[in-house]
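What follows is a short report on a single structure.
A short reminder: the numbers here are calculations on the coordinates, not readings from a lab. Just so it is clear, the structure is predicted and the values come from calculations on it, not from any experiment. Here the Cβ positions follow ideal geometry from the backbone for every residue, glycine too, while neighbour counts run over all protein chains shown.
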Amino acid sequence: MSRMRICVDLPSRRGGLARAVAFLYFLLSVQGLPAQAPWSAVGPAGGDARAFAAVPGQPNHLYLGTTNSWIYESVDQGSSWHRLAKLGSSDDLVVDRIVVDSANPATVFVATWEVDQPDGGLWVSHDAGRSWKVVEGLRGQSIRAFAQAPSNPKVLFAGTLVGVFRSADAGASWTLISPAGDREIHEVESLAVDPVDPDIVYAGTWHLPWKTADGGENWHSIKKGLIEDSDVFSIIIDPAKPHTVFLSACSGIYKSANAGELFHKIAGIPSTARRTRVLMQDPSNRAVVYAGTTEGLYKTVDGGRTFQRMTGPDVIVNDVFVDPQDSSHVLLATDRNGVLASTDAGGSFAAANEGFSERKVDALLVDRTDPARLFAGVVNDKSYGGVFVSTNGGAGWEQIGGGLEGRDVFALAQALDGTVLAGTSHGIFALEASVEPGGPPVWKPRSTIANTIVRTATEILSGKHINVEKKVKAPVIELESRVNALDLSGDVWLASSNIGLLTSRDQGASWQGGLVMGSGEYLSVAAQGATMVAARSDGVVLSTDAGLTWMPMQIPKMVTRIHRVAFSPDGTLWLGAREGVYFTREMGKSWLWIERLPFRDVDDLCYDASLGRVLASSRTSDEIYGIDPKTMNWKWWQTGYRIGLVRAAGERLVAASLYDGVLVEPQAAGAETGQR
């Protein structure tokens, strides 16, 4: 038997010593269950794809790197993908370079770096990506470029924020070959190795390119012809004509016919497409070169004399793969839209994201009457994001973005009549049927704010000037700010936005409200009839008249940051905070703290009627807890992914991960009970 302690936090000392009792004990049974099955990431498909690598001699077998430590694999030329492995325990590694050993295809090198951190490292697998270990010689290095010498597979090069490193023993040991502490050769973004001589190396930095012809003993600048201070993102060498070198920089694309001694800027790519992240030469036709930019894919078929854009300007290209056995088959790794595939040499592209889900889901909704119908709201994906809907429990998804115009979606809620609202980065929208027969549903704005205000006017009554208060209509405005939360569970709807708390008594046709207690930074709302609660990071406010008036609520003294509030049917108010889970049955007169809950920093809480439990999750954990509000015992599920929020969908739980889309509990999975 084990115990769970609940601490009592009393805002006042009223009641004497009896009310100062701090602990209540509840006995919980402990039932050991078999290890839990892993949860499945089911979509929506797409997100950020970063880097490709093909297995030599097996162009059907591809690896794909992401921005959150995951590596995917495809065995059907990139038509579909599956998760292969995650590097380490963090979600912060950008997998920017993948190299499959040309001498032993079972050996794979992955170079990584972390966003906003001078960290990263080199990982190696000797079993085709099933298991990985960190290469000690480059531990902690932020590796932005990585290359294997074509003429000697044992020779490897890594470009880091420090400089250029070289290994002559297939990665077992590493030596810095650029001058230590050099003020020029550092922050290395790109590398290229001569196809015949492994001592000839080109290095592109965040401020112009460099070259060595003797394995790093000496380096010289090769900036002639380049605009000064150009970030060099990619360098490629024509394997048949090593003196032909292409280079991409923030100032454009350059070509050299004399091994980098002089570059000429190539015309054809607009100056606005400044960041050309990757250059890729067609292995079967060297006159064809693809340039992946932040404003689309460009292509030359005449060795660089002219370029033509092959995609729309909204496509951000991170990498390009050209099938060596079929040059009409081209893949793009992109921001937001995942993998794009072409079968006509770049003439047209279609999404190839089956099995690939790297979405940041910030809102998740299960339909009130159909638990197989799920809505997911995503952020950061602009026109490729918005809201996605699944009618089969996550097995397939369809984008519903019409009307949102690329807005991020932070909240989704459904009213009693079935109306679905989305709280976005710019206003509130309702999902409505298309005006065209058979057309997809579209989002229509429900962002009209029509307040009634009280003004003081002076009137003459019986010859005297008297101040009289009158209610008048304020000017109607449209809500353009971020909407953080929605509650549509009652007749009066409640929303929190950056301009304050809003209520609607006409199904969202108009909203009333504004700043409450001088603040508009309310993160979470909850309603139970006329009782409404809203939380900001440092406080909670309460309304007992459906939002007409608000008053401050006392909160637990030890709480330093509040994330979420929720009601259970018995009227208990739950609070998720940095310090864990609290609840009050007296609207803040006293609070209880579930001290023995195994995690803190609770980001999301919701009550689920089918489970009869309060579901709690944390962005810092891969675990979910279900608390019984009657007995205060709890169950837990381990997902294998960091969780943003969780909901119940019929007999299974579904969760929104931080970076991996929507997760679904395995059919046969069970929850562990009690205390670990």
**Asked** If amide H atoms are built 1.01 Å from N in the plane of the peptide, which residues on other chains or at least 5 residues away come under 5 Å of the amide H of Ala53?
**Response** Tyr63
**Asked** What's the FRET efficiency of Ala287 with Ser383 using the Cβ-Cβ distance as r and R₀ = 45 Å, to the nearest 0.05?
**Response** 0.85
**Prompt:** Given Cα pairs under 8 Å that are at least 6 residues apart, what percent is the relative contact order of the chain?
**Reply:** 10 percent
**Item:** Which listed pairs, of Lys86/Lys360; Lys557/Lys635; Lys557/Lys589; Lys211/Lys241; Lys382/Lys444, have C-alpha distances above 24 Å, in listed order
**Value:** Lys557/Lys635
**Prompt:** How big is the charge dipole of the chain about its Cα centre, in debye rounded to the nearest 20, if each Lys and Arg gets +1 on its Cβ and each Asp and Glu gets -1 on its Cβ?
**Reply:** 2080 debye
**Request:** Specify, per residue and in Å³, the volume enclosed by the convex hull of the alpha carbon atoms belonging to the chain.
**Result:** 216 Å³
**Asked** Between Ala609 and Thr343, what is the FRET efficiency for a Förster distance of 51 Å, r being their Cβ-Cβ separation, to the nearest 0.05?
**Response** 0.55
**Prompt:** Can you give the extra length, in nm with one decimal, that the chain gains between Asp214 and Glu261 once fully stretched, where that is 0.36 nm per residue apart less the Cα-Cα distance?
**Reply:** 15.3 nm
**Item:** Under 12 Å from Lys224, Cα to Cα: aspartates and glutamates that are on another chain or at least 8 residues apart
**Value:** Glu261
**Complete:** Filtered hits (lysines, Cα-Cα < 19 Å from Lys154, offset >= 8 within chain) -> Lys133
